[in-house]
Amino acid sequence: MTAPAPVTVVDTVVVTTGQLPSIVFEGPGEAPAEFRLQASRQVLPAELISLGNRWSARVPLLVSNWNGPLLPARSGRYSVVATASDGSRMSLQKPAELPAPQLLPGVTRVVVTSADGSLVVSLSAPLTDRERGRLQQASLESDYRAAKDEPLNAVFFESFYGQNASCNPLAIDRAIARLRPDVARYWSVTDASVSVPSGATALIEGSSEWWRIRGSARLLVVNDWLRKRLRKRRYQTVLQTWHGTMLKKLALSRVRLGLRSAIATLRERGRWDILLAQNPYSRGIFRRAYAFTGSVWEEGYPRDDVLLTGDAAAVRDRLGISSGVTVLLYAPTWRDDRPDHVDHLDVARFADLLGDEYVTLIRGHSRTLLPGEDVRAPNVLDVTGYPDVSELFLVADALITDYSSVMFDFTVTGKPVYFFTPDLDHYREKLRGFYFDLIPVAPGPVVTTVAELAALVRDRANVRRQFTEKYRAWRERFNPRDDGHAADRVVQRLLAEGLIG
């Protein structure tokens with residue numbers, strides 16, 4: 001018969017404010033061995049203190065991720081977890097009274113609830129009562145649509161729907177800051193946990209200021225859909241940078257495209273003025289896939305500039321990877337039929353086959369950031385939540401991918417690429433479809449088993465020799481302008497055409 005789980009009593013929960021906001025849990029008796037708030041991709045550990053016949057657990061709401069600055073914890077639903085000295089999870093006896101929902105301006109909104117005998121902490125974007133909720137957002141949107149804003153010499157950036165400040169928009173931001181520091185830069189972010197570049201201003205999506213700047217900035221730089229809430233003013237220009245050269249079909253080219261999706265695609269396409277293409281191949285695909293007749297700038301990809309100018313050692317230190325270890329980056333794309341599944345490779349088994357001389361970084365697609373769970377295993381580091389994938393390319397000694405557009409960026413580095421494609425036929429024939437046959441032109445081996453992949457990774461020198469010509473041809477086709485200066489070229493064109501400045 002299984003022994004009942006040990007019980008810890010929580011009789012007080014307090015949300016504190018100030019320079020170091022936190023949630024404090026207290027209870028009688030002996031303190032748990034560990035106390036934390038746990039979400040899918042974030043753990044907030046508590047500072048435990050024994051106070052005679054009571055204990056206290058303080059959970060800071062400002063955290064440092066990847067050795068970065070202190071920022072508010074990511075929004076989400078956190079379970080309150082207490083563990084005993086033997087590592088077993090303790091049962092929580094919740095307090096009779098829970099704190100009222102509390103807004104910490106500029107930080108987060110905290111709601112503590114109980115469900116099924118457990119405690120849950122929900123953190124969300126720090127929107128005011130005037131900004132939070134469907135009706136309030138409808139009112140703000142109505143005001144935004146009716147307003148006659150004066151144009152502002154500013155740039156409004158958004159990357160992956162505000163989940164981070166990265167990709168092509170980040171590189172363009174850096175170039176504007178260097179070439180025209182007088183131009184104001186604003187970033188749309190989902191919450192205050194998102195770090196924005198130095199000198200830029202973060203705008204919480206849905207806030208009054210977010211709506212105002214979105215309607216007055218002369219230039220909007222985005223790398224994904226703007227969606228239906230945009231009403232573009234006559235003085236505004238939208239630069240759609242997109243986020244990758246494509247192997248898999250997209251937009252109007254997709255397999256079994258429905259009428260509603262086709263209409264939504266055409267409406268979205270109509271919001272863009274300029275589309276950025278990495279290469280001539282992408283230019284042609286964008287024209288067809290989005291039926292885009294506007295201006296296409298073929299300048300290389302700004303996000304790849306860092307691959308030729310960045311500091312790999314600094315990123316390695318930030319990740320905590322020791323010297324002398326071979327770094328492999330596994331970056332698969334997402335699956336339309338399994339959006340929460342990332343680890344098609346089984347990196348735990350893969351890392352075990354390779355041994356301690358290797359560390360495998362696993363990077364899920366941006367669409368798997370929220371629904372997925374971090375992979376935890378020896379010699380594996382889940383970097384799905386790392387702010388910018390381009391920096392991961394810098395530290396990786398080799399890339400493992402499947403059908404992701406990262407294959408077209410990583411080859412700027414000249415380092416080996418491996419393609420792990422156990423579901424190739426299904427993905428190609430039923431799920432997405434490809435624009436070209438990968439196998440004959442791939443700049444690295446295409447494999448379907450973990451064992452075969454591990455053997456080829458160990459033999460990287462031979463793989464380089466075997467794929468020298470295909471790698472060269474690939475770079476000539478897909479990386480002709482990725483020379484470290486793409487962002488500067490884009491910004492110089494924006495300035496020359498009077499779109500900023």
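Quick grid of which residues meet (1) more than 18 Å from residue 205 (Cα to Cα); (2) touching a Gly at 6+ places or on another chain (Cβ under 6 Å); (3) surrounded by 17 or more Cβ atoms within 10 Å (Cβ to Cβ):
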| residue | (1), (2), (3) |
| --- | --- |
| 91 | yes, no, no |
| 102 | yes, no, no |
| 109 | no, no, yes |
| 128 | no, no, no |
Restricting segment 131-144 to residues that are touching a residue at least 24 places away in the same chain (Cβ under 8 Å) and in a helix (DSSP H, G or I), which is most open to solvent (accessible area, probe 1.4 Å)?
143
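For segment 26-68, give me every one of the strands (runs of 3 or more DSSP E) that falls completely inside it and has 1 or more residues that are farther than 28 Å from residue 196 by Cβ, out of contact with any helix residue (DSSP H, G or I) (no Cβ under 6 Å at 6 or more places or on another chain) and of a type outside the set (Lys, Arg). If you could, list the steps in order and put the result at the bottom.
Numbers: elements: 34-38, 43-45, 47-51, 54-60, 62-64.
Filter on segment 26-68 gives 34-38, 47-51, 54-60.
Any residue at all in segment 477-494 that's open to solvent by 60 Å² or more (accessible area, probe 1.4 Å), closer than 23 Å to residue 332 by Cα and part of a helix (DSSP H, G or I)? Show your work before the answer.
First, pick out the residues of segment 477-494 that are open to solvent by 60 Å² or more (accessible area, probe 1.4 Å): 477, 480-481, 483, 485, 492-493.
Narrowing further to those that are closer than 23 Å to residue 332 by Cα: 477.
Next, from what is left, pick out any that are part of a helix (DSSP H, G or I): 477.
Yes - at least one qualifying residue is present in segment 477-494.
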Among the residues of segment 372-388, is any at pLDDT 90 or above, in contact with a strand residue (DSSP E or B) (Cβ under 6 Å, 6 or more places away or on another chain), open to solvent by less than 10 Å² (accessible area, probe 1.4 Å) and under 22 Å from residue 462 (Cβ atoms)?
no
Residue 168 fails exactly one of (1) open to solvent by less than 40 Å² (accessible area, probe 1.4 Å); (2) free of Cβ contacts under 8 Å to residues at least 40 places away in the same chain, namely (2)
Among (1) outside any strand (DSSP E or B); (2) open to solvent by 10 Å² or more (accessible area, probe 1.4 Å); (3) in contact (Cβ under 8 Å) with a residue 40 or more places away in the chain, residue 228 falls short only on (3)
Say we look at segment 5-14 and pick out the residues that are in a strand (DSSP E or B) and surrounded by 19 or more Cβ atoms within 10 Å (Cβ to Cβ); which of these is modelled with the lowest pLDDT?
8
For segment 145-165, how many residues meet the condition of being surrounded by fewer than 20 Cβ atoms within 10 Å (Cβ to Cβ) and either in contact with a helix residue (DSSP H, G or I) (Cβ under 9 Å, 6 or more places away or on another chain) or more than 21 Å from residue 231 (Cβ to Cβ) (or both)?
9
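The values are calculated or read from the model by the stated rules, or taken from the named source; none is laboratory data. None of these values were measured; they are calculated from a predicted model. So basically every Cβ, Gly included, is an ideal-geometry build from the backbone, and we count neighbours across all protein chains shown. In case anyone asks, the SASA skips ligands and DNA or RNA and just uses the protein heavy atoms, side chains included. Shrake-Rupley method; radii C 1.70, N 1.55, O 1.52, S 1.80 Å.
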